[in-house]
Every structure is written in structure tokens, then in C-alpha cells.
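The values are calculated or read from the model by the stated rules, or taken from the named source; none is laboratory data. Note that the structure is predicted; figures quoted are calculated from it, not measured. With ideal geometry, Cβ positions are generated from the backbone for all residues, glycine too; neighbour counts draw on all protein chains shown. Ligands, DNA and RNA are stripped out before the accessible areas are found, and what is left, the full protein with its side chains, is counted by its heavy atoms. Shrake-Rupley method; radii C 1.70, N 1.55, O 1.52, S 1.80 Å.
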There are 2 protein chains.
Amino acid sequence: MRIAELSRQSGVPVPTIKYYLRENLLPPGELSSPNQARYGEHHLRRLRLIRALVDLAQIPIAQVKEIVAGLDSPTLPLHDQIGRAHRAITPTRNLTTTPEAHTAASRQVDDLIRSRGWTIEPDAPALTTLVDTIAAMHTLDHDYLTTFLDTYADAVEKFTTLEITAVTSRQTPDQIAESVVIGTILGETLISSLRLLAQESISAHLWTGHPAGPAGD
Amino acid sequence: MRIAELSRQSGVPVPTIKYYLRENLLPPGELSSPNQARYGEHHLRRLRLIRALVDLAQIPIAQVKEIVAGLDSPTLPLHDQIGRAHRAITPTRNLTTTPEAHTAASRQVDDLIRSRGWTIEPDAPALTTLVDTIAAMHTLDHDYLTTFLDTYADAVEKFTTLEITAVTSRQTPDQIAESVVIGTILGETLISSLRLLAQESISAHLWTGHPAGPAGD
DNA sequence: GTTTATGGATACTGCTACTATCCATCACGA
DNA sequence: TCGTGATGGATAGTAGCAGTATCCATAAAC
């Protein structure tokens, strides 16, 4: 397959494909002559993955690059694959909260982790985000929202176990690596849109007095 | 309070505050003379909210503008407030998936909504995202991930009910409006980081053979 | 009464994610 | 074999976003 065909099948414009090739998001095609290259199914799959990450999950190109670099060397154990994906989707933020709110939030998070028996490395990317978010809720005077922390954790634990076992039951290392990325990243947009739909439905029932509640009747 | 003080207390540079004023993210200060304005607690709160949305939740300035515009007219019923927040955080995407994957995904989503008894307007912003995400999982050959849809929905329903009742139990309409925004948007970053931590912990236990599981023992 | 800060306007900057152009080859049908 | 169009690779240009920087007439503070 030549570049025009790759473009047609993926829906990605040729100049954009060239850009992805330049940025090493896409491995180069196999050269048959100094200026002729062939692309295969692998390129098409990769291109679709890139577009899903960019368009749907809104991951910056630089992070997508990290992610696919990880896919091309799938010799890492699962735990490290996951860590890599997490690092790629967790932006480095410059915190704005006051030190007091931050330490209070830290303590709250530590308690949570301890009470649930979680094993978290202190430099886990999501840890900073969680602490910052809770600290922000404090400084915004809406810290009552953090009373649900344990309920959230309960819910989240439930499906995460499922996800991980499903991912590990994939056949080849490449499939596992891809599953980690797709499951972690697209899984997030999926869950978040489900949450919005649930909010929509529940608030519709409460407000418009619709007969049946979303939890069934 | 003058602008320098506002800047000091919020940690936001003066030129940035001026930018937010220009863009109407921040209401103008009260003019005491043609070129002197005073800012109050309200401005400080608003500024902190803006930074939380921008820095933590990565919401584009244009959407933050929509969100705070909604806060300044909190006469809408809760359901509409929620709808507004949802619209603000759901980017308009140009879908890339094939029509077949899209219709298959649509059917799957319709089934889910029906089986759960949810009431969803057909133009709900999250609906498109959910369909697109599932369609992407199909085209990426990882549609087995959608077998958890119901488990996700279960989990999500559980805490969403809590959230909504908590938000409605706030005192004033302004507080409710703010709660909707913070709960919906910062709630999302909170849940997503909790999910990442749970993944991290569970994979650590599975892989490194750590004695106690995260679900307790 | 001089130094500093302010509000408002306008212009500029750095970054990201592409697009556009160019050109020397290469493929392929007439 | 010739000519037209596509290709790979390089380089340059663009649009949008989120601020920054500068300027200036006026006001505040000491």
C-alpha cells in the first residue's frame, strides 16, 4: 500500500501522515527504491490508534509519541507498561494551591491509600493529580465533595480488577501492550462519558419528576 | 483590593488577570474613578476557580468562559446547569470511525441506556463521545473492552446518585451552581486519578506478588 | 511633588499541530 | 519510450491558543 491508499483507508490527509512519519509516531514504510515506500496493515492500525488518542482522548502529539514508542518495545512487564501509559496521560501541572491545603489533601490521600491497602509508589503520576484536585476542592470551599472519596474508590476498584485481568488474558505481548494503552486511555473517556450520562439521567428524573428512577424501580 | 493584591493572593500574574478581564472570564472591578477599580472576595474565588479549571482539568479558556457565564446567571434549574457544564467539557470532535462501527456502537449504547432505564436526550453531549469511543474500540479490534460497559455503568450510577443529592443539598442557588461545576469537572479528574491509582496498585500486586490484594484480605 | 501603580488598549510571543510548497525521482499507461 | 502524475524527503508557512509585553494618561502613596 502506498501513502495515498493509506490516507484513503485511514481518513488521515497525506501531509498529516508525512508529519507523523517525521515525528516518528509512525514507523517508516519499507523502501523499495530510494524514494518509494510501502506501508502495511501495521501502519493502518497504528494510524487509527494515533487518531483515536488524538481526537477522542485529546492526548498531545508529544505524549502519543511516548505511548507508541512503548508499543514498539513491548518487552516491559505489564506493570511498567501501565506506568508508562499513566505517565503519558498525566500532564505535569504547576500547582496553584496553598501549602496548607496541599498538606491537608496529602494526609487525606495517604489515609485513603492506607485504609484500602493500596500499594502506590510515592512518585506515581496520578498521586500528584489526586492531591492537587483535593487541595483545589479545599481552597474552593467545596471540600464536602471529598467525603465521597471512599465511595469513588470502592466503585473504581471494582471495575479496575476486571479490566486488568481482561488485559492480561490477551494472547501476544503486542496485544497486551496495545490493550493497556487502549484500555487505560480510551477506557477513561468511556467511563467519563458514562458518568455524564448517568448524571444527566438522574438529574432528569429528580427534576422533571420522571416516573422511573435510573436505578430501576 | 487592587489588582496587585488580587494577583498576590491568587498567584496569578497581573497581565494574566488583565487578560481574563478582557475575555470576560472575570467580571470587571468596581470603578471608583475612570481608571481605578476595586476587586473583592468574589473576584478571588472566581480566579481560583478559573485556575482550577484551566490547570487541573485542562479546560480551554473558551469553555471556561461558557462555564462562568452560567455561574453568573444561576437562575437555571439544576438539570440545565448540569447540561451546560457537560456541554462545556465535551469537545466537539470530528469522528474518524467507519459508519459500520458507528452504527454498531450506537446500537450497543442504545441497548445499555434502555436496559438501565436511563433517560437521555438524544443530543446529550456525552452520548456522542460514548458512541465514538466504543466505535473506536471496535475499529481498533479491542471491542472486548466494551463487555465491561454494564459494570462501568453500575459503578458510575452508584456514586452519581450520591453526588447529585449532595449538590442539591447546598444552601444557595449560587452555591449549587458552583457545586455543579466543581463536582462535575474536578470530580472527573478526581475519579480518573483514583482509577489510575487503583490500576497501579492492582497491577503491582499481580505482578510483583505483593502479599495483600487491594480489595483487602 | 515625585515616584509608583493602575486601567485600558494594542502589539507581540511561544507553542502546538498541522499545511503548503518544492523538487528530484519513480511508476505506469499510451 | 515518453509524458503525466504520484512519491519521499526537506523546508517553510499557517492558524489558533494562552498568555506577555509595552505604552500611556491618570490616580494613589508617601
Exercise for the section: With the condition kept exactly as written, say whether any residue in the stretch B:206-214 is surrounded by 22 or more Cβ atoms within 10 Å (Cβ to Cβ) and within 19 Å of A:Glu163 (Cβ to Cβ). Expected result: yes
Problem - Qualifying positions in the stretch A:1-10 - within 11 Å of DNA strand D (Cβ to nearest atom), within 13 Å of chain B (Cβ to nearest Cβ) and either aromatic (Phe, Trp, Tyr) or open to solvent by less than 70 Å² (accessible area, probe 1.4 Å) (or both) - result: A:Ser7
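Table: residues versus (1) open to solvent by 40 Å² or more (accessible area, probe 1.4 Å); (2) touching a residue at least 40 places away in the same chain (Cβ under 8 Å).
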residue	(1), (2)
A:Val12	no, no
A:Gly29	no, no
A:Glu41	yes, no
A:Leu53	no, yes
A:Leu71	no, yes
A:Thr92	yes, no
A:Ala101	no, no
A:Asp111	yes, no
A:Ser115	yes, no
Practice task
Answer with yes or no whether A:Thr75 is in contact (Cβ under 8 Å) with a residue 60 or more places away in the chain and open to solvent by 20 Å² or more (accessible area, probe 1.4 Å).
Solution key: yes
Completion exercise
Only one of (1) on the phi < 0 side of the Ramachandran plot; (2) surrounded by fewer than 21 Cβ atoms within 10 Å (Cβ to Cβ); (3) not basic (Lys, Arg) does not apply to A:Ile134, and that is (2)
Fill in the blank from the handout: Checked against (1) at the interface with chain A (Cβ under 7 Å from one of its Cβ atoms); (2) open to solvent by 10 Å² or more (accessible area, probe 1.4 Å); (3) modelled with pLDDT of 90 or more, B:Ser203 satisfies every condition except (2)
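For B:Gln63, indicate whether it is assigned by TED's automatic domain parsing to the domain that holds B:Gly183 and within 15 Å of the chain's Cα centre (by Cα). Before the answer, list the steps.
Values: assigned by TED's automatic domain parsing to the domain that holds B:Gly183: no; within 15 Å of the chain's Cα centre (by Cα): yes.
No; evaluated as a whole, the condition is false for this residue.
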Handout entry: Enumeration of residues in the stretch B:84-101 that are touching a helix residue (DSSP H, G or I) at 6+ places or on another chain (Cβ under 7 Å) and in a helix (DSSP H, G or I)
Key = B:Arg84, B:Ala85, B:His86, B:Arg87, B:Ala88, B:Ile89, B:Ala101
Handout entry: Residue check for A:Ile120: surrounded by 20 or more Cβ atoms within 10 Å (Cβ to Cβ), assigned to a loop (DSSP other than H, G, I, E, B), within 7 Å of chain B (Cβ to nearest Cβ) and touching a helix residue (DSSP H, G or I) at 6+ places or on another chain (Cβ under 6 Å)
Key = yes
Exercise for the section: Name every residue in the stretch B:132-143 that is farther than 14 Å from A:Leu194 by Cβ and either in contact with an Asp or Glu (Cβ under 7 Å, 6 or more places away or on another chain) or at the interface with chain A (Cβ under 7 Å from one of its Cβ atoms) (or both), in order of residue number. Expected result: B:Ala136, B:Thr139, B:Leu140, B:His142
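Looking only at helices (runs of 4 or more DSSP H) that fall completely inside the stretch B:1-52, which ones have 3 or more residues that are within 16 Å of B:Leu71 (Cα to Cα)? I'd like the intermediate steps shown before the answer.
Working: elements: B:3-10, B:14-22, B:41-51.
Helices (runs of 4 or more DSSP H) meeting the threshold: B:41-51.
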Completion exercise
Only one of A:Thr98, A:Thr129 is more than 30 Å from A:Val14 (Cα to Cα) and modelled with pLDDT of 95 or more, namely A:Thr129
Practice task
Run B:Gly216 past the list (1) within 7 Å of chain A (Cβ to nearest Cβ); (2) farther than 28 Å from B:Ala88 by Cβ; (3) at pLDDT 95 or above and report the number of the one that doesn't hold.
Solution key: (3)
Practice task
Give the residues of the stretch A:12-54 that are more than 7 Å from DNA strand D (Cβ to nearest atom) and modelled with pLDDT under 95, sorted by residue number.
Solution key: A:Glu30, A:Ser32, A:Ser33, A:Pro34
Practice task
Might you let me know whether the stretch B:62-83 holds any residue that is acidic (Asp, Glu) and within 16 Å of DNA strand C (Cβ to nearest atom)?
Solution key: no
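What residue, of B:Ala153, B:Ala177, is farther than 19 Å from A:Val167 by Cα, more than 7 Å from chain A (Cβ to nearest Cβ), touching a residue at least 24 places away in the same chain (Cβ under 8 Å) and surrounded by 21 or more Cβ atoms within 10 Å (Cβ to Cβ)?
On inspection, the qualifying residue turns out to be B:Ala177.
State which residue is most open to solvent (accessible area, probe 1.4 Å) when the search covers only the stretch B:55-69 and only residues that are within 10 Å of DNA strand D (Cβ to nearest atom) and not in a helix (DSSP H, G or I). Write out each step before concluding.
Taking the stretch B:55-69 and keeping what is within 10 Å of DNA strand D (Cβ to nearest atom), we get B:55, B:58-65.
Right, trim to not in a helix (DSSP H, G or I) and you get B:58-60.
Numbers: B:Gln58: 105, B:Ile59: 15, B:Pro60: 75 Å².
Selected residue: B:Gln58.
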